[in-house]
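Enquirer: Here it is: the structure, laid out below.
None of the figures in this text is laboratory data; all of them are computed from the coordinates on show. Quick caveat, the model's predicted, so the values are computed rather than measured. In this analysis, Cβ positions are derived from the backbone assuming ideal geometry, glycine residues included, and neighbour counts consider all displayed protein chains.
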Amino acid sequence: MGQWSFITNHARVLLLLAGDPDARLRDLAAALDITERTAYGIVTDLVEAGYLIKQRGGRRNRYHIQAHLPLPDPIGRERTIGEVLELLAGRHVSSAVSNDPDPLTPGPSPNHSATGGRTI
């Protein structure tokens, strides 16, 4: 029987980027045992769907996860990406995960006070 997982590579990339928003495609590929080209395709999918914002910093990228967005799956629409990442990570995820629809614009996020000042 071949190997399989309940968690898609797209979700696994989000989990890795929640822990290390500065991860390179090479790092993602090595951690997931996929090619860099596949990692690039997954990141591109997530950026185009709006779940990630890619911010260029010199020669590196920094990724911001849009935690306020609902899951793309019709069954899970009542859950947000941030809630699922916290569940899967088993802990509070890093500041790379943002409830702010525009993390590149200064100022508090709309949900900032609702989370007690913490970013999920």
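Enquirer: In µm²/s, what is D for the range 1-64 at 37 °C and 0.692 mPa s, where D = kT/(6 pi eta Rh) by Stokes-Einstein and Rh is the Kirkwood radius from Cα pairs?
Expert: Translational D for this selection: 273 µm²/s.
Enquirer: Normalising by the residue count of the range 1-79, find the relative contact order in percent from Cα pairs under 8 Å and 6+ residues apart.
Expert: Once normalised by length, the contact order is 24 percent.
Enquirer: Of all trypsin sites (Lys or Arg not before Pro) in the range 58-90, which ones are in loop regions per DSSP and have a Cβ with at most 11 other Cβ atoms within 10 Å?
Expert: 59, 77
Enquirer: Listing 43, 13 from the residue with the fewest other Cβ atoms within 10 Å to the one with the most, what is the order?
Expert: Going from least to most buried by this count: 43, 13.
Enquirer: What is the fewest-to-most order of 40, 63, 51 by other Cβ atoms lying within 10 Å of their Cβ?
Expert: Fewest to most other Cβ atoms nearby, the residues stand as 40, 51, 63.
Enquirer: Fewest Cβ neighbours within 10 Å first, please rank 81, 7, 53 accordingly.
Expert: By the 10 Å Cβ count, ascending: 7, 53, 81.
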